[in-house]
Every structure is written in structure tokens, then in C-alpha cells.
Amino acid sequence: MLYSEKVMDHFQNPRNVGKMEDADGIGEVGNAKCGDIMRMYIKVNPETQVITDVKFNTFGCGSAIATSSMATELIKGRPVSEALELSNHAVVEALDGLPPQKLHCSVLAEEAVRAAVRDYYDKNGIAYGEELRECPGHCESCGHEHCGE
Amino acid sequence: MLYSEKVMDHFQNPRNVGKMEDADGIGEVGNAKCGDIMRMYIKVNPETQVITDVKFNTFGCGSAIATSSMATELIKGRPVSEALELSNHAVVEALDGLPPQKLHCSVLAEEAVRAAVRDYYDKNGIAYGEELRECPGHCESCGHEHCGE
Amino acid sequence: MKVYADNAATTAVSETALSAMLPCLREDYGNPSSLHSWGQRAAEKLEEARAVFAARLHADPKEIIFTGSGSESDNQAIRTAAAIGEKKGKRHIVSTKFEHHAVLHTLKQLEQQGFEVTLIDIPASGVIAPAQVERALRPDTCLVSVMFANNEIGTIQPIGAIGELCRSRGVLFHTDAVQAAGHLNIDVEAMHIDLMSLSAHKFHGPKGVGVLFARRGIPLTTLIQGGAQERGKRAGTENLPGICGAAAAFDEACANMEENAKKLTVLRDKLIRELGRIPHSVVNGDLVHRLPGNVNLCFEGIEGESLLLLLDARGIAASSGSACTSGSLDPSHVLLALGLPHEVAHGSLRLSLSEYNTEEEVNYIIDVLPGIVSYLREMSPVWDE
Amino acid sequence: MKVYADNAATTAVSETALSAMLPCLREDYGNPSSLHSWGQRAAEKLEEARAVFAARLHADPKEIIFTGSGSESDNQAIRTAAAIGEKKGKRHIVSTKFEHHAVLHTLKQLEQQGFEVTLIDIPASGVIAPAQVERALRPDTCLVSVMFANNEIGTIQPIGAIGELCRSRGVLFHTDAVQAAGHLNIDVEAMHIDLMSLSAHKFHGPKGVGVLFARRGIPLTTLIQGGAQERGKRAGTENLPGICGAAAAFDEACANMEENAKKLTVLRDKLIRELGRIPHSVVNGDLVHRLPGNVNLCFEGIEGESLLLLLDARGIAASSGSACTSGSLDPSHVLLALGLPHEVAHGSLRLSLSEYNTEEEVNYIIDVLPGIVSYLREMSPVWDE
Ligand SMILES: Cc1ncc(COP(=O)(O)O)c(C=O)c1O
Ligand SMILES: Cc1ncc(COP(=O)(O)O)c(C=O)c1O
Ligand code: FES
Ligand code: FES
């Protein structure tokens, strides 16, 4: 099979899918032209800085949906600071791997989380470093600004 | 099948095969290097100039043996003058055709007959024209002098 | 329910084809180049297979050679025409933007070797006009290569008219008939086709057998050097079981062509009609000049792969774009050539039927698909209807 | 009695191979490039087949690609090495005079494109010495191509030693192992082989499947452009039934290699011993470094084709020279390379056994052959004994 069982599970039964009306932070990355868009919503407890709820909407291939789903699971209930450290590799690993040409989707998931956190920081006037401003740029599959390498 | 039934018949049951001790004319053409040698023996009735008997020995492929055999049949009982008119095409036709790369064998048979008649003419002081001196030269498969085209 | 609706990618081997293959795999295993009876029996079968293709295509057996795939036939046909053109100092080739990659990549390589290639634009109908070819012709054009029917949207090109044009201009004409063979009537004589590629696994023959038609007098360029098989034009021991299976399948497909087309057209049109009702869907390509089994739609706001995987989970095999680029991330070059925007081209679905499909299967697809489209649209961040 | 003794030309498909093919011809007909379950099942089978070859050859699955024939593999291997050499300005190739035409004709074509080719002379034993290769090497040598075992006389070359030499000199090493595969132990790692060609129908696999091993890091030249199959190195829908049959046959042949070799060596040596008693016969090639099933003799005063046809009439399939040149009139280039005069080379007979042959069959050949030789000699105008 092209995809691992974990990927197929998260694709066919995605966790945390849907809109969140009262999100504290929303991040959207990718674009329709290249075939993947992820929007990630987070709810953060202002006291503890823990992500108490997370939702996503994704337009994209099977692995885009699966990585979105897995990413939400990995950050739900974790402090924002930990969510920021979520790497695409961690997502891929948690999914038992992805085909090489689909790795870019996991990058997108990593980015979506960071974008949501950035939005939360912005909305709440929390300062953050340069490294959070930019696309991590290790996605070689598309020609868009956030993709470097 | 590569060869027609007629060819296979003449190959497997060659007519008039063998040496002739008291031949009136013997013709040998081809050479071992190129893989075909035919020797044709004729017995001629000096009164009627009819070929009363004919034999052959051939070293060569299936079609070389079959064309030798067919050529002997075609000239046996015919006047020498008719034998001289035997064309390789007639031999091929009588055999229901030959694969293209094997046509040269039929040329060899035509030549062998002519060589045997020439030998008979030489031995009996019968004059003959220029056209009987030379290889007909329409055999393109070998590099030897008798092959032209 | 299991529904295989990806017959443009490959087909099931027919019972007829399999029956023709088995004797070659069991008792008649000789090498057609061998002199002995085993070999000669094989050689006879090889020539019988060649004669089947020749008869059905209105060609001479000497004009048919067997290759290892439709792609190989395409490569060899185009390289042949290029080599002939090269000798005459003619280095311009006309083709279209929606050819198969076996054609396009070969042309790309020729460009690197100094050829100029004009790729004709594809109208929204997916059917090019002979006048477009005419406008593209130049005095140094050595080849026109236009596919008989497109593999993604199934549109049928005016091959006869293009052939006539090319003949009148003294330009070689190649058609990639991989999708057409066995489904549409092909007459190389009447259509003035000089070179043509077929692939057996697209008409219920086995994989691994291509056919190349080359009009008498066209000196084929050899891609694979070696033994004297296929009159020295394609070395390698012939894939006799495959070739016999291919001939049997082709003969069967041609014999039943009308009947199959009639049946398929009904199923196809039902699918197009019913699936076309899904909101924000577009049917791609002309509805009339179309392979009898081809359905191609785009669903806005849908990404093709997700759609396919969910269909597959429901037992339905379909495709988005052609199989051989399914590993790639780019949307179909065919749909882009049709003028669809990237974001729409991403959401394409090709259902390709064969005569083995049933009305029941078609109904099942019609039942299942709308729900999947809605589900995916609901999940999408960009879809607000 | 029917005796098929032409296994170097092609072999019968084994039951094991056929059993591996049938499911792909029946239910698992998907295209390995398709995303749906049909396609993914096919893709899995493809990778399983690749893994079988990799394991048996001590290679990595990524180093194995499937082609349409041994000839195609030879062409692609040599063109690959030539393209790599070209980039470095190295345009000299070393090979031998008794390679298969798939190699020799490709080299001939490269010569026309500016390459220089040194063909090593063949000693009377039919086994070349590594020192011959060493002497032929030049600073601009980009490739050494030496066959693993010769297809006519069955002699086995010192591949490991040649591989080591090439590796130490930084020259790519290709071996045409078409006759060796399944019959001799092959270890691409230990033997320092960089490129290698196999053909399934020589080891009881189906016709139409070649294997090309290319060591990791060697960028293969693509002969057939198009889809992304075989990692972009060989376009065209994969011949999955054939490939699965090939893998099953290879696995079986390798598993039984020692046992088969033991059996065959006995039969081979009996044939050589008994047929060698025929007056004015010569056994060609080394008796020890020899494929276990290969017998090759010349009978003076005999023309090969007549001999074959008469053997065939008695139910025995044999060959004179290789099958793929049997349409030609020239004596075997292999026997000429061995130094045999034309007139002797014309009278060659190759009997090639497989493990399917029996002692009874061998005895039958020994019974029948002497009479045929005498009969033909009697008919010959040049034979006076
Ligand atoms: C040594 C050798 N190389 C290459 C080939 C070519 O194999 P194929 O006919 O499968 O292309 C053969 C057999 O014909 C062979 O014996
Ligand atoms: C139009 C067209 N041309 C060429 C090909 C290539 O055929 P094959 O995969 O048999 O090489 C295909 C199918 O993949 C096709 O649809
Ligand atoms: S957004 Fe598509 S790959 Fe970067
Ligand atoms: S003698 Fe051999 S072809 Fe003329």
C-alpha cells in the first residue's frame, strides 16, 4: 500500500476535523493551486498556555488530511511552547512514515500549527522571535514563498 | 514452417543422391567456406543428347539438398539443351518456394547443372557460347567469384 | 461491491486472451528464431498474431512489429520520423499539448538534440481542428504526431482529416492509438496513418506488449540492438505468449466493437448525466467525439487523490489523471492544456468503463460519489457554499 | 521420443512461474501506478518480485529494474556506461569477440558515435584471462563488458577477477549474465559487478522480461521515455504477470541450483564423452569452466542446418549457433572467434540441457546422432573417409 495503516486510519477517520467558531488562533498555509490547504484552529488556556482544543480543515490529498489529523492529536493538551517544537518528522513518525513525494504535506502540518500559534501570539500581544515569522522552508515540492530548499 | 512441405520432402528423401562412377559430365560449384557445395553428375545419350541419368552430392543446408534433388528430377530425361535452360526460379517454383535468405541455394543448383553440361561439352569437344562460361552471378549471398549482383 | 472503473489505466485480461496465452506458456514454448519444430511452431504463431493486427488495421503484416509497450512504440515511431527528418534537414515536429508523456518526453529529448517542436493548443472541447495542424506545418516539418483519443478525457481527434493533410504535404503522420485500439475503428489506409502505436493491456490483452505499425518503406530506427527479431527492428526474444494474447484480445475487441460501444455509451452517458448534477462539477471534453467508456469530471473544492482513496474504500477503482503520473504532485497536464485552472484540475475524476462493467456498477457509483464529494467539501477550508 | 535440448535458446515456463503469473493475469490485473487497491496490490507484487532478484543477487531492490528482454538490458547497460564515460571524456570500451549481438551491435553503434572499442580475442578454451582485460584497459576506458557465460559454447568467464580488476581501476564493469542466471552463483557484491543483464526465459521464466542490475549511484540512461515507471528509467506499464513469473522462476532456479547442476553435469559429460567418439568431431570450449547444461561440438564435413533438421525429424530440438542468428547464413561468430575455420564452424551443434531433461533423453540423442552424421557425410561431395 502507498500509505501506512496509520495514515489510512487518520485519512478515513480524521480526528478533530471541523471549524472552530471561537478559536484563539487560526493558521492557514498552502494554496489551492498547488493542491493543499490546511487551516488549523487552536483554543488556548491563557493561564496555563495549554492548547485545550484544536480543529482543522484541509483541502488536499490523503496524506495532507492524515498529517493534519495527526498534528492536531499531537498538540492537543500540550503547552503552546511544545506545539511550536512539533516537527514534520515527528508527525511522519507518528504516522509510520509517508512516501517521499508526500513529505511536503507533513511540512504543511508543521507550518499550520506554527501559523495558528503565531496568530494566537499576535492576537494576544505576545512577542515572538524571528524564527516563527517564516516558513521553515524545507518543502521542496512547490514553488510558493513558504517553500525553500 | 521455415520450409515448404516439398522442400522438406526433397530434403528428407532426396532423389538421385550419390556418386556416379561413369558420368559423362561432372559439375561442382560453391565451396565449404561459405557452407554449400554441390556436385552434379550427368549421363548423356550421345545420339539423342538426352540426359538419361543424373546424380548429386551436396554439402549444405536443407534447401541446398532439396534444390539439388529437385534440379536432378527436373533435368532427368530431358535434352541437354533444355537442362541448360533450367533457371533457379523454376527450381524454387517446383519446391513451392524458398525463404529469401535461401534463394542462393537454388542459384547454386542452376549453376551445378550448367557446370556439369559444360564439362560434358568440354569432354566431347562440343562448342558452346560465352554465356555458359560464367557464373550467372545472381547470387548475392556469398563473396565468391561466381556470385555477382 | 467491487467496481473496476479504471480501464484507461489497464484492463483485465480477457478469457480469450488468456486461452491464447496458455498454450505458449505451457507446450509451445519454443523460440521463434529456432529452426526446429518447437521454434517453427512458435514462429507460425507469431506470424498469425501479426496477421490478426494487420487485417484488423487494414495493414500488411510486414508493417506490424511487436514491442514491449505502448510507450516503446511511441518512442520508436517518433525517433524513426526524427531520424528520417534529420537526413533531409527537416527538424520540426508538430504535436499537441495533451499527448501522453511517452510522446511528450521523447519530443523534449529531441528538442535537446536540436529539433523544434510545436505543440498545438487544446480547445475546451478537447478536440483539435485539422486547421490547427495546418497552421503549425512548416516546410521543415518532418512529423505530425496527434493521439487518436486522449487517455484522460477520452476525446477523439479527427485522425482521418489530419492524415489526409499530412499526406498531401508529404509529412509523416504518427498517431498514438493506445486508447483507441479495440474501441474505435482504425483504418491506416483510409486514414493515411504512417506510424501508429498500440498497447495490448488497454484492450483486455496482457501487459508488456506494444504494437508499432510503420507503413511500408519507412525505415524504422532501432531502439534495441541485437538479434534479427522483428526484421532487425527490435531485438530480443519475442514475448510470444503476450503477443498471442494481444492478438486474440484485439481480434475479440474488434469483432465486438460496435456492440461494446453501444453498451458503453449508454453507461457513460448515464454517469455523465447523473454525476454532472453534483453542484460545481464540470464535465471535461466533448460529449460526442469521445471514447465510449470515458467519463471525466472536475469537482471544485475537491482534491483528486482524497476522492480516489475514498472511492477505493467503497470498492470503486477510478483515477485522477493518468496512472503513470499518479506518483506526481502536479495536476494533469491534459486538464491544464484544456484551460482548467490548477485548483480545479486538482479535483478531477476519470471513470473509464469497459464492456465488463454493468449498469448495476454504474448505479453504485452514482449512489456513492455525491456523498464523498460533500464530505470532502465539508472538510475543506476553502469551500463555503 | 521428443527431446527439447535447446534450453540456451529458451526454456519451458516452470509450473512455479506459471502459478505466479496466473493470479496477475486473472484477478490482480491492476496497474502498479494506480492509487486504488487494485493498483496498490499490483505495486506490492512488483516490489516483491524486485526483492526476490535483489536477495538472490546480493543486491538492493533499488538496484534492480525490469525491462522487456535481456537484449534491452544489455543495450541500456552499455548506453548508460557510455553516457557516463562521454561526460568524463572517456570513450574507450573493452569487450570480447564472443559477446551476444545485443552487446556487439550496441558497441558497433557507439563506434559510429566516436567511441573506440577493443574486443578481446578468445583463446581456444573459450575462457578469457583477466590479464587480457588488463592489457586492453586504457586511461580513457569507461566500460568493460564481459559475458558471464557464453551462450554457444557455455564457457564461464572469470567474472570475479575481472570485476576486481575493473573496480581497482575505477572502470565500470558490465556482465551479460543471461546464460548464467539461475544456473551459476552470482554475487554482484563479491564479484564487483556494476551493471548486469538477465533474461527470464532462460531460467524457466516467461519471455518478455529482462532484468537490469545497476549499482546504486549509477545514473541509468533511459532508452524508453514516458511515465515514471521503474523510477523513471524505463517507461511503460510494467509487465506484471511476466515479472512475477520471472521472480518465481529465478527463486526456484536459485534454490535448486546445486542439485540441478549436479544432475546436468552428469548428463552433459555423458553427451560430450559419447558424441565426442564420432570420428572427426571436436568439442568446443573448456570442459570444466562450462555451464552445466552446455554441449557444443563440430562435426567436420557436416553443415549445421541439415543436421538440425534431421535431428528435428527424429524429435530432437537442438541448435547450431544461437537462435537469434539462425536466419543468417554466416557461421557462428563465436566459433570463428574461437579460431575454428569457416568450414568446420558450419558444422556445429549445440545441445543445451535443463533440469527437465532425463538420462533417457540423453541416451536417445546418443543413439540417433551418429547415424545422421554418417548419412550427411555420405551425401557430401567433399567427404572421403
Ligand atoms: C548471452 C545472451 N545475451 C543476451 C541474450 C538476449 O536475450 P533476449 O533474447 O531475452 O533479449 C541472449 C539470448 O538470446 C543471450 O544468450
Ligand atoms: C495514450 C497513451 N499512450 C501511451 C500509453 C503508454 O502505454 P504503455 O503503458 O503500455 O507503455 C498510454 C497508457 O499508459 C496511453 O494512454
Ligand atoms: S504548499 Fe504545496 S508543497 Fe508547499
Ligand atoms: S556459393 Fe554460397 S552463396 Fe554463392
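Can residue B:72 be described as in contact (Cβ under 8 Å) with a residue 24 or more places away in the chain and under 10 Å from the mean Cα position of the chain (by Cα)? It would help to see each step written out before you state the result.
Details: in contact (Cβ under 8 Å) with a residue 24 or more places away in the chain: yes; under 10 Å from the mean Cα position of the chain (by Cα): yes.
Spelling it out, residue B:72 is indeed in contact (Cβ under 8 Å) with a residue 24 or more places away in the chain and under 10 Å from the mean Cα position of the chain (by Cα).
In the stretch C:65-110, which residue that is within 14 Å of the chain's Cα centre (by Cα) and polar (S, T, N, Q) is nearest to ligand 1 (Cβ to nearest atom)?
Taking the stretch C:65-110 and keeping what is within 14 Å of the chain's Cα centre (by Cα), we get C:69-75, C:98-104.
Within this subset, residues satisfying the condition of being polar (S, T, N, Q) are C:69, C:71, C:73, C:75.
On the way: C:69: 15, C:71: 18, C:73: 18, C:75: 17 Å.
Of everything passing the filter in the stretch C:65-110, C:69 is nearest to ligand 1 (Cβ to nearest atom).
Please indicate, with yes or no, whether at least one residue in the stretch D:194-201 is over 16 Å from the mean Cα position of the chain (by Cα) and away from ligand 1 (no atom under 14 Å from the Cβ).
Of the stretch D:194-201, the ones over 16 Å from the mean Cα position of the chain (by Cα) are D:194.
Right, trim to away from ligand 1 (no atom under 14 Å from the Cβ) and you get D:194.
Yes, the conditions are met somewhere in the stretch D:194-201.
From A:110, A:85, grab the single residue that is farther than 30 Å from residue C:309 by Cβ, modelled with pLDDT under 95 and away from chain C (no Cβ under 14 Å). Spell out the reasoning first.
Values: A:110 fails: farther than 30 Å from residue C:309 by Cβ.
The conditions single out A:85.
Taking the condition in contact with a strand residue (DSSP E or B) (Cβ under 8 Å, 6 or more places away or on another chain), more than 16 Å from ligand 1 (Cβ to nearest atom) and modelled with pLDDT of 95 or more, does residue B:37 pass? Steps first, please.
Values: in contact with a strand residue (DSSP E or B) (Cβ under 8 Å, 6 or more places away or on another chain): yes; more than 16 Å from ligand 1 (Cβ to nearest atom): yes; modelled with pLDDT of 95 or more: no.
Judged against the criteria, residue B:37 is not a match.
May I ask you to list the residues in the stretch C:254-301 that are more than 16 Å from residue C:151 (Cα to Cα) and part of a loop (DSSP other than H, G, I, E, B)?
Result: C:256, C:276, C:277, C:278, C:279, C:280, C:300, C:301.
Out of the stretch A:32-66, which residues are more than 14 Å from every other protein chain (Cβ to nearest Cβ) and either of a type in the set (Gly, Ala, Ser) or in contact with a Gly (Cβ under 8 Å, 6 or more places away or on another chain) (or both)?
A:42, A:44, A:50, A:51, A:52
Answer with yes or no whether residue C:245 is over 30 Å from residue A:59 (Cα atoms), touching a Gly at 6+ places or on another chain (Cβ under 9 Å) and either away from ligand 2 (no atom under 16 Å from the Cβ) or outside any strand (DSSP E or B) (or both). First the steps, then the outcome.
Numbers: over 30 Å from residue A:59 (Cα atoms): yes; touching a Gly at 6+ places or on another chain (Cβ under 9 Å): yes; either away from ligand 2 (no atom under 16 Å from the Cβ) or outside any strand (DSSP E or B) (or both): yes.
The answer is yes for residue C:245.
Considering only residues that are modelled with pLDDT under 90 and assigned to a loop (DSSP other than H, G, I, E, B), which ones fall in the stretch D:302-337?
Result: D:302, D:303, D:320, D:321, D:322, D:326, D:327, D:328, D:329, D:330, D:331, D:332.
Does the stretch D:219-256 hold any residues that are among the small types (Gly, Ala, Ser), at pLDDT below 95 and surrounded by fewer than 20 Cβ atoms within 10 Å (Cβ to Cβ), and which are they?
Those that are among the small types (Gly, Ala, Ser), at pLDDT below 95 and surrounded by fewer than 20 Cβ atoms within 10 Å (Cβ to Cβ): D:228, D:232.
Of all residues in the stretch C:87-100, which are within 14 Å of another protein chain (Cβ to nearest Cβ) and outside any strand (DSSP E or B)?
Those that are within 14 Å of another protein chain (Cβ to nearest Cβ) and outside any strand (DSSP E or B): C:99, C:100.
Return the total of residues in the stretch C:222-258 being free of Cβ contacts under 8 Å to residues at least 12 places away in the same chain and farther than 27 Å from residue D:75 by Cα.
Filtering the stretch C:222-258 down to residues free of Cβ contacts under 8 Å to residues at least 12 places away in the same chain leaves C:225-226, C:232, C:255, C:258.
Adding the requirement that they be farther than 27 Å from residue D:75 by Cα leaves C:255, C:258.
So the count comes out to 2.
Can you run down the residue pairs with Cβ atoms below 6 Å, 6 or more apart or on separate chains, where the first is in the stretch D:351-369 and in the same structural domain as residue D:275 (by TED's automatic domain parsing) and the partner is of a type in the set (S, T, N, Q)?
Note: pairs meeting the criteria are D:352/D:7; D:352/D:294; D:354/D:7; D:354/D:11; D:355/D:260.
Considering (1) in contact with a strand residue (DSSP E or B) (Cβ under 6 Å, 6 or more places away or on another chain); (2) within 13 Å of chain C (Cβ to nearest Cβ), say which one residue A:69 fails and leave the rest.
That leaves (1) as the condition not met.
Taking the stretch C:166-177 on its own, how many of its residues are in contact with a His (Cβ under 7 Å, 6 or more places away or on another chain) and of a type outside the set (Lys, Arg)?
If we filter the stretch C:166-177 for residues that are in contact with a His (Cβ under 7 Å, 6 or more places away or on another chain), which is where we start, we get C:166-167, C:173, C:176.
Adding the requirement that they be of a type outside the set (Lys, Arg) leaves C:166, C:173, C:176.
Summing the residues that are in contact with a His (Cβ under 7 Å, 6 or more places away or on another chain) and of a type outside the set (Lys, Arg) in the stretch C:166-177 gives 3.
If a residue counts only when it is surrounded by fewer than 23 Cβ atoms within 10 Å (Cβ to Cβ) and more than 13 Å from chain D (Cβ to nearest Cβ), which helices (runs of 4 or more DSSP H) contained entirely in the stretch C:101-218 have at least 2 such residues?
C:130-136, C:159-169
Do we find that residue B:71 is over 30 Å from residue D:344 (Cα atoms) and either surrounded by 24 or more Cβ atoms within 10 Å (Cβ to Cβ) or modelled with pLDDT under 95 (or both) in this structure?
It is false that residue B:71 is over 30 Å from residue D:344 (Cα atoms) and either surrounded by 24 or more Cβ atoms within 10 Å (Cβ to Cβ) or modelled with pLDDT under 95 (or both).
If you scan the stretch A:13-55, which residues turn out to be outside any loop (DSSP other than H, G, I, E, B), within 15 Å of ligand 3 (Cβ to nearest atom) and at negative phi?
Here is the first cut: in the stretch A:13-55, the ones outside any loop (DSSP other than H, G, I, E, B) are A:17, A:25-31, A:36-45, A:50-55.
Going one step further and asking which of them are within 15 Å of ligand 3 (Cβ to nearest atom), we end up with A:27-31, A:36-40.
Scanning the stretch A:13-55 gives A:27, A:28, A:29, A:31, A:36, A:37, A:38, A:39, A:40.
Is one or more of the residues making up the stretch C:73-82 surrounded by fewer than 23 Cβ atoms within 10 Å (Cβ to Cβ) and facing another protein chain (nearest Cβ under 9 Å)?
No; the residues of the stretch C:73-82 include none that is surrounded by fewer than 23 Cβ atoms within 10 Å (Cβ to Cβ) and facing another protein chain (nearest Cβ under 9 Å).
Mind checking which residues of the stretch C:1-50 are part of a helix (DSSP H, G or I), within 23 Å of the chain's Cα centre (by Cα) and within 10 Å of chain D (Cβ to nearest Cβ)?
Once the filter is applied, which keeps residues that are part of a helix (DSSP H, G or I), within 23 Å of the chain's Cα centre (by Cα) and within 10 Å of chain D (Cβ to nearest Cβ), the stretch C:1-50 yields C:15, C:17, C:18, C:21.
The values are calculated or read from the model by the stated rules, or taken from the named source; none is laboratory data. Here the structure is a predicted model, which means the values were calculated and not measured. Because the Cβ atoms are built from the backbone with ideal geometry, glycine has one as well, and the counts that use them run over all protein chains shown.
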